[in-house]
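The values are calculated or read from the model by the stated rules, or taken from the named source; none is laboratory data. Treat the numbers as computed from the prediction; the structure is a model and nothing was measured. Reconstructed Cβ throughout: ideal geometry from the backbone, glycine too, with neighbour counts over all protein chains shown. All accessible areas refer to the heavy atoms of the entire protein, side chains included, with ligands and DNA or RNA removed. Shrake-Rupley method; radii C 1.70, N 1.55, O 1.52, S 1.80 Å.
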Amino acid sequence: MCNQFTLPNYAQIRQYLQEDLALPLSDYREDFASKDIFPGQQAPVLLYDQDKLQLVDKKWGYPSPVDKKLLFNARIERFYESKPSIWDDSFKRQRCLIVCQSFFEYGSDRIKKANGRYYRQQYRFSNKEQPLTLLAGIYEQDHFSMVTTKPNSTMASIHQRMPLVVEPSELRRWLFQNFTALIDRSQIELDVSKVEK
């Protein structure tokens, strides 16, 4: 379950979207620095409105209807199940993009330290072919969630799920069209490195 990503600074996002990809982007209200984002924190996500992409601040995680926990990852397969879920309307009409430098995941294996304590190795991932990484997201009012799918070959040995990475050529499909073709991310190439403690 992905619970951390690195937000690029505003200049990097503008460079990537406006200059590298030639996409229309509305001006954001203020500059911001790069930082790590965790569930429960606010971050700008990309929405399409008034013929332009816009960065809009939202909090990472939907409030659970059952308890006070935040639901910050949404399985894309859930949309195709017959049982209703809190994600359904968002998948239909309220899709967004999360722009990041990298995202993080912990491996499932426990590793023993010299002092006898155990830890799980953390890994950093990014899109191998792009300077920044676009991740599929959904939103509801002031909240967003990261969309996950089955892991590709890079991720499979580390974790049983992965964020749904969106290539620039797939941006319109994720935001506006039928997104079934995006479920399989086996062709996405990711850079991966261990996070040293």
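Summary table below
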{"item": "Placed amide H near S102: partners under 5 Å, 5+ positions off or other chain", "result": "T6"}
{"item": "Whole-number Å³ per residue for the convex hull built on Cα positions in the stretch 4-194", "result": "141 Å³"}
{"item": "Whole-Hz ³J(HN,Hα) from phi, Karplus 6.51 cos²θ - 1.76 cosθ + 1.60, for the stretch 65-73, glycine and proline x", "result": "x, 9, 9, 8, 5, 8, 9, 9, 10"}
{"item": "Mean Cβ count within 10 Å, highest first, over the residues of peptides 1-7, 125-131", "result": "1-7, 125-131"}
{"item": "Theoretical gain in end-to-end length, Q94 to S186 [0.36 nm per residue, Cα-Cα removed]", "result": "30.6 nm"}
{"item": "Contour excess over end-to-end distance, with Cα ends at S169 and D36 and 0.36 nm allotted per residue", "result": "45.3 nm"}
{"item": "DSSP-loop trypsin sites (Lys or Arg not before Pro) across the stretch 1-76, with at most 13 other Cβ within 10 angstrom", "result": "R29, K68, K69"}
{"item": "Under-22-angstrom lysine pairs by C-alpha in the stretch 4-194, whenever the two are 8 or more apart or on separate chains", "result": "20"}
{"item": "For the stretch 110-122, 3J(HN,Hα) per residue [Karplus equation, 6.51 cos²θ - 1.76 cosθ + 1.60, θ = phi - 60°, Hz, x = Gly/Pro]", "result": "8, 10, 8, 7, 4, 7, x, 7, 10, 8, 10, 5, 9"}
{"item": "Accessible carbon and sulfur surface of the stretch 4-194 relative to its total accessible area, %, 1.4 Å", "result": "44 percent"}
{"item": "Average accessible surface area per residue within the chain, 1.4 Å rolling probe, Å²", "result": "53 Å²"}
{"item": "Kirkwood-type radius of the stretch 71-124, with distances r between different C-alpha atoms, in Å", "result": "14.6 Å"}
{"item": "Overall Cα dimensions of the stretch 105-197, principal axis frame, Å, largest first", "result": "52, 31, 23"}
